[in-house]
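Since the structure comes first, as structure tokens, the remarks are kept for the end.
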Amino acid sequence: MNFLGNAYLWVKAAHVIFVVFWMAGLFMLPRYLVYHQEALGNPEEAARWTDRESKIRAIILTPAMVLVWAFGLLLAANAGLFSGVPRLAWLHAKLVLVIVLTAYHGWAVSYAKKLAKGQATLTGRTLRMVNEVPAVLVTLIVILVIVRPF
């Protein structure tokens, strides 16, 4: 396909840059949720965590996710994903994992909003375990992109 031509490497660089930003936010926000949940007994401290969570979502997480998807879809189209190019099973698997990562992002934002209302529905231990989801997903995604096992 290669409709991006000389812009390909710039689009790829932008994609990787915003993946780094998105992942940084996805590593930080769940940690914030743990601290926020622990601070629910102190309204002033809980309000500070609500503010921090809101800022990380608005400044880092959501813009980075949108740009990751935009640049990623351009790269996928350039690779022929939407044209039936063969041997792109690794890319299909990557997209599924990115969709799961996006759903996790949505869950974390939703849980932050619950905590802002004082509604903790998970134990601290469960919340800490859920923090590992982005690390597992990004590990699998990187393996798929670099190794292309299928």
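The values are calculated or read from the model by the stated rules, or taken from the named source; none is laboratory data. Every value quoted in this text rests on a predicted model; they were computed, and no experiment measured them. Backbone-built Cβ (ideal geometry, glycine too); neighbour counts: all protein chains shown. Note: accessible area is taken over every heavy atom of the protein model, side chains too, but ligands, DNA and RNA are not part of it. Shrake-Rupley method; radii C 1.70, N 1.55, O 1.52, S 1.80 Å.
Quick one: angle between helix 133-147 and the longest Cα principal axis of the chain, in degrees between 0 and 90, rounded to 10, please.
10
Given the chain, what count of lysine pairs have C-alpha atoms under 20 Å apart, with each pair 8 or more places apart or on different chains?
Number of lysine pairs found: 4.
Could you give the angle, 0 to 90 degrees to the nearest 10, between helix 62-79's Cα long axis and the longest principal axis of the Cα atoms of the chain?
20
For n ≥ 4 DSSP H runs only, could you compute -39500 (n - 2.57) per run for the chain, divide by its residues and tell me the 222 nm figure to the nearest 500? Show your work: numbers first, answer last.
Working: 6 runs with 113 residues, N = 150.
Computed mean residue ellipticity for the chain: -25500 deg cm²/dmol.
Scanning the chain for trypsin sites (Lys or Arg not before Pro) in DSSP loops with at most 13 other Cβ atoms within 10 Å, what's the longest stretch left with none? Before the final figure, lay out the partial values.
On the way: sites that count: ARG87, LYS117.
Between exposed loop sites, the widest span is 1-86.
Angle, helix 8-38 long axis vs. longest principal axis of the chain, Cα atoms, 0 to 90°, nearest 10?
The answer is roughly 20 degrees.
Over the chain, what percent of the accessible surface lies on carbon and sulfur atoms, probe 1.4 Å? Could you put the intermediate results ahead of the total?
Working: 5850 of 8550 Å².
Using a 1.4 Å probe with all protein chains present, the chain comes out at 68 percent carbon and sulfur.
For the chain, report the accessible area per residue in Å² (1.4 Å probe, heavy atoms, rounded to an integer).
Values: 8550 Å² over 150 residues.
Accessible area per residue: 57 Å².
Test of the criteria: in the range 2-67, which chymotrypsin sites (Phe, Trp or Tyr not before Pro) are in a DSSP loop and have at most 16 other Cβ atoms within 10 angstrom of their Cβ?
Values: sites: PHE3, TYR8, TRP10, PHE18, PHE21, TRP22, PHE27, TYR32, TYR35, TRP49; in loops: PHE3.
Those satisfying the criteria are PHE3.
Of GLY41, TRP10, HIS105, which is farthest on the positive side of the dipole of the chain, counting Cα position, with +1 on Lys and Arg Cβ, -1 on Asp and Glu Cβ, and the Cα centre as origin?
The Cα lying farthest towards the positive end belongs to TRP10.
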